[in-house]
Structures are given as C-alpha cells and as structure tokens.
1. Let me spell out the model: positive unit charges on the Cβ of Lys and Arg, negative unit charges on the Cβ of Asp and Glu, origin at the Cα centre of the stretch 1-80. What dipole size does that give, in debye rounded to 20?
2. Heavy atoms only, 1.4 Å probe, whole protein assembly: order V134, V172 by accessible area, highest first.
3. Treating the angle as unsigned and between 0 and 90°, give the value, to the nearest 10°, between the Cα long axis of helix 65-89 and the longest Cα principal axis of the chain.
4. Against the globular-protein guess of 2.2 N^0.38 Å, express the Cα radius of gyration of the chain as a ratio, rounded to two decimals.
5. Based on the inverse mean of 1/r over its pairs of different Cα atoms, what is the Kirkwood hydrodynamic radius of the stretch 68-109, in Å?
6. Counting only protein heavy atoms, what percent of the accessible surface of the chain is carbon or sulfur at a 1.4 Å probe?
7. How long is the gain from V126 to T148 if the chain were fully straight, where each residue apart is worth 0.36 nm and the alpha carbon distance is subtracted?
8. Gain in length, L36 to I4, computed as 0.36 nm per residue apart minus the alpha-carbon separation, to one decimal in nm?
Amino acid sequence: MTTIIDEMVAAARGCALLLIGNRTASQYFDFSQRGLVGSFIAILMATTFSAYLPALLGQEPSVSVLRVILTSAIAFGLQLGFAALALRQMKRLDGFVPYLVAENWATFFLSLITLVLALFGLGGDVFLVVVGLVMLVIQINIARLIVTLAPLQVAIFLIAQLVAGSIGLLIVGLSMPLPADAGTLVSALG
C-alpha cells in the first residue's frame, strides 16, 4: 500500500516528464479513486499555500484569504465543468479522471515551486511569464499524453479551460470587487 508521500514522489516524476513531453509520464500517476483523493489533497494544499503566501513572506495581503480561496474554488469548479463538457462532446469522458489527477498534481507542484522561489525573493513579471509558459506546456502535455487527445482536440480542450478561467475571474470580479485601496492602485497604473 502506497502512502501519500509515495504518491507525491511518483507524481513529481510524472510532472517532470510532462514538462519535457515524455510519453511515459502517465505511469507515475495513480488514476484510481485513491489516487484521485490524493490529488485533491494536493490541490487543497496548493490553494492553502496560495492563500497564505503573503503572510508567509511577511507582507500585508492585498486581498483576503477568503477571496483567494473563493477565487480558486470558483475557477477550479468552472475549469472542471468546462473540461468535462469538452471531453463529453469529444466522447472522451474516460479521460476526465486522469486529467484531473495530473492537473491537480501539476498545480500542487507549481504552487510549491512558486512558494519556494518567492521565499527566496524571486519574482516579478519575467517570473510570472516563465511560470505561465511552464503551466501551458504541462497543460498541453496533459491533454496529449494523459488524456491522449488529438491535436485539434487539445486546442479545443485548452480553449474550454481558458474560457472557464476567464468566466471565473469575471464572476469573482463582479461579485467581490477589489478593496478601495487596491482599486485606486489599479486605476493609477492604468
């Protein structure tokens, strides 16, 4: 019987292989019900890392922990819904659990790496672009290598997730406006 630590180590290998596009990446993820639960534990930890990152860095948070958690939950829920819808339309709903497991672990490790680098003072716009590109490569390879979608299906799948994320941010932005001081800062920059 494997522990969550064993599962995490194997998933780390799988994520590294996804990053370089290695076809054996799927062998390192547990797509069983137990593996799905383990990946949800990882995504909950990643969300917690993100919510408390400013406090860990000794900074005053610009938005509340609740807002970060709600934003993550809404975006995650919509992403799952749109992914399931897209896979259903492609008649590939069998790929949903493998997608979810790999996606959750990839998000966990990217959040963990981001946290560690932020603790060492690394950040900024270039850092965000690099993180975004890494996540895009992993997203493409999850669709290609884990869900085994064809190239056009990969594009449709990624667009569905992008639309879901945009709708999630719009919902959060309209239902929970930024605090007055953050709104002033944003308008001063624009």
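The values are calculated or read from the model by the stated rules, or taken from the named source; none is laboratory data. As the structure is a computational prediction, the values presented were derived from the model and not from experiment. We place every Cβ from the backbone using ideal geometry, glycine too, and count neighbours over all the protein chains shown. With ligands, DNA and RNA removed, areas are computed over all heavy atoms of the protein, side chains included. Shrake-Rupley method; radii C 1.70, N 1.55, O 1.52, S 1.80 Å.
1. Details: 4 positive and 4 negative charges, 32 e Å.
Result for the stretch 1-80 is approximately 160 debye, rounded to the nearest 20.
2. On the way: V134 40, V172 5 Å².
Of V134, V172, the descending order of accessible area is V134, V172.
3. 30 degrees
4. Compactness ratio reported: 1.07.
5. 10.9 Å
6. Carbon plus sulfur share of accessible area: 72 percent.
7. Fully extending the segment from V126 to T148 adds 4.8 nm.
8. Contour length minus Cα-Cα distance gives 10.4 nm.
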